[in-house]
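Chemist: One structure, pasted below without further comment.
The values are calculated or read from the model by the stated rules, or taken from the named source; none is laboratory data. Keep in mind that what you see is a predicted model, and the values were worked out from it rather than measured. No Cβ is skipped: glycine too gets one built from the backbone with ideal geometry, and neighbour counts run over all protein chains shown. Only protein heavy atoms, including side chains, enter the accessible area calculation; ligands, DNA and RNA are left aside. Shrake-Rupley method; radii C 1.70, N 1.55, O 1.52, S 1.80 Å.
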Amino acid sequence: MISEKMEKAFLDQINKELYSEYLYLSMKAYFAKLNLNGFVNWMDIQVQEEHAHGMGMFDYVLERGGEVVLEAIEKPENDWKSPLDVFKHVLAHEQFVTERINALVDVAEETKDRAAMLFLNWYVKEQVEEEASVGAVLAQLELIGDDKLALLALDKELAQRQFNKPVIG
Ligand code: OFO
């Protein structure tokens, strides 16, 4: 059985993961407006990944005999100055999520919840990947600057990204 403290920490994080899904959906809409369909694809995969991250915790709380009570999801931003501006936001957001996951691990340690610690290892590793993949796109956008042709080439590259359903835990 999961402790109340651990359950609350997971529920807060489910909300953050679903907010991430919502934020990336909003970014997907921004790129659709710019007709950058490769970036739309990249965001679409991000949306699906965040949904899977949230649902992984949702299912885990239930599996541990906890109760899932959902809170409201905050309204995401919907306007950015440029693709570079979007990806700066994505990186800052993922760094924030990494801190949150680490805080969740702290609760698991405090409450001596070894099962939760093992489960959360997947998320700790996933955040390393998340920050690296976002950082790679951000670095390319910084190099590209105002070069529209280079931006279109990156758009083509991002169109190749494919969704692999995460196997969590
Ligand atoms: Fe769920 O990793 Fe991004 O936010």
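Chemist: Could you pull out the chymotrypsin sites (Phe, Trp or Tyr not before Pro) across the stretch 101-169 that fall in loop regions by DSSP (anything but H, G, I, E, B) with no more than 14 other Cβ atoms inside 10 Å?
Modeler: PHE163
Chemist: Starting from the Cα of ASP85, step 7 Å along the direction of its Cβ; do the same at MET1; then give the gap between the two resulting points in nm.
Modeler: 5.2
Chemist: Rolling a 1.4 angstrom probe over the protein heavy atoms, how many square angstrom per residue are accessible across the stretch 112-169?
Modeler: Ligands and nucleic acids excluded, the result is 67 Å² per residue.
Chemist: Still on this structure, please answer the following. Tell me the carbon and sulfur percent of the accessible area for the stretch 53-134, rounded to whole percent, probe radius 1.4 Å.
Modeler: Result for the stretch 53-134: 54 percent of the exposed heavy-atom area is carbon or sulfur.
Chemist: Now for a separate question. Have a look at TYR60, ILE101, GLN48 and report the one farthest towards the positive end of the charge dipole of the stretch 1-106, computed about the Cα centre with Cβ charges (Lys/Arg +1, Asp/Glu -1).
Modeler: Ranked along the dipole, the leading option is GLN48.
Chemist: Sticking with this structure for a sec: Which GluC sites (Glu not before Pro) in the stretch 61-92 sit in a loop by DSSP (not H, G, I, E or B) and have at most 15 other Cβ atoms within 10 Å of their own Cβ?
Modeler: The qualifying sites are GLU67, GLU71, GLU74, GLU77.
Chemist: Then there's this: Please return the longest stretch of the chain lacking exposed loop sites, where trypsin sites (Lys or Arg not before Pro) count only if DSSP places them in a loop and at most 14 other Cβ atoms lie within 10 Å.
Modeler: Within the chain, the longest run free of exposed trypsin sites (Lys or Arg not before Pro) spans 1-80.
Chemist: Still on this structure, please answer the following. Quote to one decimal, in nm, the extra length available between MET117 and ALA159 on full extension: 0.36 nm per residue of separation minus the C-alpha distance between them.
Modeler: Length gained, MET117 through ALA159: 11.6 nm.
Chemist: Moving on. Taking only complete DSSP H runs, can you tell me which helices of the chain stretch 27 Å or more along their own long axis by Cα positions and average at least 0.0 on the Kyte-Doolittle scale?
Modeler: 83-110, 114-144
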